[in-house]
1. Students often get this wrong, so check it: of Lys99/Lys167; Lys204/Lys266; Lys141/Lys167; Lys200/Lys266; Lys167/Lys204, which have C-alpha atoms separated by over 18 Å?
2. List the GluC sites (Glu not before Pro) within the range 47-138 that fall in a DSSP loop (any state other than H, G, I, E or B) and whose Cβ has at most 10 other Cβ atoms within 10 Å.
3. Using the crude model of +1 on Lys and Arg Cβ and -1 on Asp and Glu Cβ, and no other charge, please compute the dipole size for the range 218-349 relative to its Cα centre, in debye to 20.
4. Quick check on the chain: helices-only [θ] at 222 nm, where DSSP H runs of length 4 and up contribute -39,500 (n - 2.57) each and the sum goes over total residues. Nearest 500, please.
5. In terms of the ratio Rg/(2.2 N^0.38 Å) built on C-alpha atoms, what value belongs to the range 37-173?
6. Using the Cα gyration tensor of the chain, with a ≥ b ≥ c the square roots of its eigenvalues, what is the shape: rounded (a/c below 1.5), prolate (a/b larger than b/c) or oblate (neither)?
7. If every alpha-carbon in the range 93-176 counts as one equal scatterer, what log10 I(q)/I(0) does Debye give at q = 0.26 1/Å?
8. Based on Cα coordinates alone, diagonalise the gyration tensor for the range 6-66, multiply each eigenvalue by 5, take square roots, and list the semi-axes in whole Å, largest first.
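Every number in this text was worked out from the coordinates using simple rules, so none of it is lab data. Note that the structure is a prediction, hence the values are computed from the model and not measured. We place every Cβ from the backbone using ideal geometry, glycine too, and count neighbours over all the protein chains shown.
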Amino acid sequence: MPAQRTLRTPEELTAAGLLDQREVTEARAVGDHYAIAITSAMADLIDQRDPEDPIARQFLPNKRELITTQAERADPIGDAAHSPIKGIVHRYPDRVLLKAVHVCPVYCRFCFRREMVGPQGDGTLSTEEIDAALNYVRQHKEVWEVILTGGDPLVLSARRLSEIMRKLADVPHVKIIRLHSRVPVVDPAAVDDELLAALKASGKTIYLALHANHPREMTPAARAACTRLVDAGVGMVSQTVLLRGVNDDPLILADLMKAFVENRIKPYYLHHPDLAPGTSHFRITLAEGQRIVASMRGSISGLCQPTYVLDIPGGHGKTVIAEGAQQQEDGSYIVSDFRGGVHRYVDDC
Ligand SMILES: *Cc1c(COP(=O)(O)O)cnc(C)c1O
Ligand code: SF4
C-alpha cells in the first residue's frame, strides 16, 4: 500500500503530477487566500488525462478562484449574525451548530465557509471554549439537536470527540447529535473502531450527514466505511452541493443518489451553491438547478430524491426551492409533472 498522505502545497501537487508548471504559479496565488488539501484517497481518484475531471475540479486550486464577484461575500450564509458564543450558531430554535474545529481533511474549492476554515481559520476550540459552548446548550432547553460541523468534526481525535459526546450525554434535552462530515469518503480508513466508539459515547441518537458530490467518490473503501457506521447504529443522510462541471447533470446526480440509497444513506439536501468568494465558476442558475431536480423526479425512486435548498444570502436560513407550484394571479397553481407536462391545481379547502 502506498503511504496515505495528504497533499497540501502546490509543489506537492506538482510532484504528484496533478498540476503542471504553469498551474503551479497560479496555485500559489490561490493558496495565499484559501487552504489547499487533498487526501490520497481523492488524489488517486483523479483521472489525469481528463482536463475536466470532476474530482480534480473539487479539490485542485484553480486560477478562477482569484476572481471575486460583487455579490460574493465572506460569510455567505450569515453564520456570524447568529453566533451567541464562540463555536455556536443558533439560527433555528430547536437546533444549534457546534463548530468545534475549523480544519478539514480536504479543502473543497467551492466551500461556503472557505474564509473560516483552514490553518489560517479560527482554529480548534480549546477545552474551555467547548465547555462554554456546551454550557450554552445546557442552558437552552429548547435545543433538541446539536449539529457538529466546522470544519469537519471527524478530524478530531477519537479522544476529543468522545469527550464532547460524553459531555452531551449529560444534557437531557439534547436527543439527537448530528455530524456533518466528508471523512467517510475522503479518508475512509479513519472510520475505525475508536472513532465508532467515540460516536457512541453519548448514548444519544447519532446521525451523520455525509457530504459527497460525485458518484465516483463512493469508492469501495468509502462504501465500506459507511457500512461500518450504519452497522454501528449511526443513521446516515447525505448532502450534496450542486456544482457546475461536477454534478450538474441529472444522470450523474441520479447515480450519486442511488449510490447513497444502496448504502443505506437517505438523500437529504441538495444545496444550491452559495455565494462564497471565488466560486462563480461552480455556480449554475436556479432555473438550471430546478430543471435538473425535476428530471430526477419520476426517473429514479422516491427514496433517492434529495430536497433542493438554497441558503438565502445574509443569514435568512434555508429555503426549499420548489420545482413546480408557482401561484398565479387567480390563486391557482401551475405544476409540472416529471415528463414536463403542465397542469393547473386549484386549492379546495
Ligand atoms: C443548515 C443549518 C442547520 C440545519 O438545518 P436542517 O434543516 O435541520 O438540516 C442548523 N443551523 C444552521 C445555522 C444551519 O445553517
Ligand atoms: S469539507 Fe466542508 S467545510 Fe471543509 S472545505 Fe469542504 S465544504 Fe468546506
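1. Working: Lys99/Lys167 15 Å; Lys204/Lys266 20 Å; Lys141/Lys167 15 Å; Lys200/Lys266 20 Å; Lys167/Lys204 11 Å.
From the list (Lys99/Lys167; Lys204/Lys266; Lys141/Lys167; Lys200/Lys266; Lys167/Lys204), the Cα-Cα distance tops 18 Å for Lys204/Lys266; Lys200/Lys266.
2. Here the sparse-neighbourhood loop sites are Glu52.
3. Dipole of the range 218-349, to the nearest 20 debye: 540 debye.
4. Values: 11 runs with 100 residues, N = 349.
So the calculated ellipticity at 222 nm is -8000 deg cm²/dmol.
5. Rg over 2.2 N^0.38 Å, computed on Cα atoms: 1.22.
6. rounded
7. -1.29
8. Details: eigenvalues 53, 30, 24 Å².
Whole-Å semi-axes of the equivalent ellipsoid: 16, 12, 11.
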